[in-house]
Amino acid sequence: NAGVMQNPRHLVRRRGQEARLRCSPMKGHSHVYWYRQLPEEGLKFMVYLQKENIIDESGMPKERFSAEFPKEGPSILRIQQVVRGDSAAYFCASSPRVNEKLFFGSGTQLSVL
Amino acid sequence: LAKTTQPISMDSYEGQEVNITCSHNNIATNDYITWYQQFPSQGPRFIIQGYKTKVTNEVASLFIPADRKSSTLSLPRVSLSDTAVYYCLVEGDGNAGNMLTFGGGTRLMVKP
C-alpha cells in the first residue's frame, strides 16, 4: 500500500505563473488536508477536502489559491499568479475517516523566483 | 480550538530518556492528544495518541494526568536519529472543520 504521494517534489516558478501541486492519498482514504510550512516554522492548515467536496478552506487565502479533490484522480492545490511569498513547502495528508491519524506525503517545495 | 504550548527546543544526549511536555488547558471532553514527529524536508509522522492515563507503543510513551490539561511524550534512550521536531496536537469533534492545528513544535537535538 503506497503512502501519500505528492508531486512534483520540487517546483520552480517565476512570479505571475501558475503552480499546480498534486496529491494522491493513500488507498482507501477519502479525507485530504493541505498544509503550508515556511522554514523553521510549524505547519499551517490550509484546506480540508473529501471526495468532490471542500469541507473547510478557512486557512486558505481567498485570492489566487484553490483546491479540489475530484471523484477520480489526485487532489490539486492550485496557486495562480504566484508571488515570492508563496515560496514554501506544501504538505498533503490523508486519513480514512475523520479524527483519525494523518498520513503525510513528502511535500512539494515551491520556489518562486 | 484547544491551543497547545510546548518548549521551542530541547537538547539531549544519546541513550538518555527525553520527556517533552505539552500544555493544553482548554482541551475539550471529546479531544484526543496526538504527537507527530517531523524530520527535515519530510512530512510529519504519527508517533502516538492518547485520551487519558498512559499509552505506550514501540516508539514512545504518552503520559496524561487526570485533568488532561497537559501531556508528556517520553522517548526512551534516544539516538541521534531522534533529532527532529515534535508536535503536540489536540483533536476531536470540537475542532472546526475537523482540521488539525500544528503549533511550532519542539525541536529536539540529540548529541553524541
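Since every read-out is calculated from the coordinates, none of them should be taken as a lab result. Treat the numbers as computed from the prediction; the structure is a model and nothing was measured. Glycine also receives a Cβ, built like all others from the backbone with ideal geometry; neighbour counts cover every protein chain displayed.
Would you mind working out the magnitude of the charge dipole of chain B relative to its Cα centre, with +1 at each Lys and Arg C-beta and -1 at each Asp and Glu C-beta, to the nearest 20 Debye?
It works out to roughly 100 debye.
Going through the cross-link list A:51/B:54; A:101/B:3; A:101/B:54; A:101/B:69; A:44/A:101, which pairs have a Cα-Cα distance over 27 Å in this structure? Can you show the working numbers first?
On the way: A:51/B:54 36 Å; A:101/B:3 18 Å; A:101/B:54 18 Å; A:101/B:69 21 Å; A:44/A:101 17 Å.
Among A:51/B:54; A:101/B:3; A:101/B:54; A:101/B:69; A:44/A:101, the Cα-Cα distance tops 27 Å for A:51/B:54.
Once R0 is set to 41 Å, what does the formula 1/(1 + (r/R0)^6) return for the Cβ-Cβ distance between residue A:15 and residue A:98, expressed as a FRET efficiency to the nearest 0.05?
On the way: r = 38 Å, r/R0 = 0.92.
That gives a FRET efficiency of 0.65.
Place a +1 charge on the Cβ of each Lys and Arg in the protein assembly as shown and a -1 charge on the Cβ of each Asp and Glu, then give the dipole magnitude about the Cα centre in debye, rounded to the nearest 20.
On the way: 26 positive and 20 negative charges, 107 e Å.
Here the protein assembly as shown has a charge dipole of around 520 debye.
Do me a favour and compute the ellipsoid semi-axes for chain A from its Cα gyration tensor, root of five times each eigenvalue, largest one first, whole Å.
Values: eigenvalues 98, 40, 35 Å².
For chain A, the ellipsoid semi-axes come out as 22, 14, 13 Å.
With +1 on each Lys and Arg Cβ and -1 on each Asp and Glu Cβ, how big is the dipole of region A:1-81 about its Cα centre, in debye rounded to the nearest 20? Please report the intermediate quantities before stating the final value.
Details: 14 positive and 9 negative charges, 70 e Å.
So the magnitude is around 340 debye.
Determine the percent antiparallel among the DSSP beta bridges restricted to chain B, to the nearest 5. Working shown, then result.
Numbers: 29 of 34 bridges.
Bridges in chain B are about 85 percent antiparallel.
Given chain B, what whole percent of its Cα pairs are spread farther than 18 Å? Don't skip to the answer; put the middle values down first.
Working: 2850 of 6216 pairs.
Considering chain B, 46 percent of its Cα-Cα pairs are separated by more than 18 Å.
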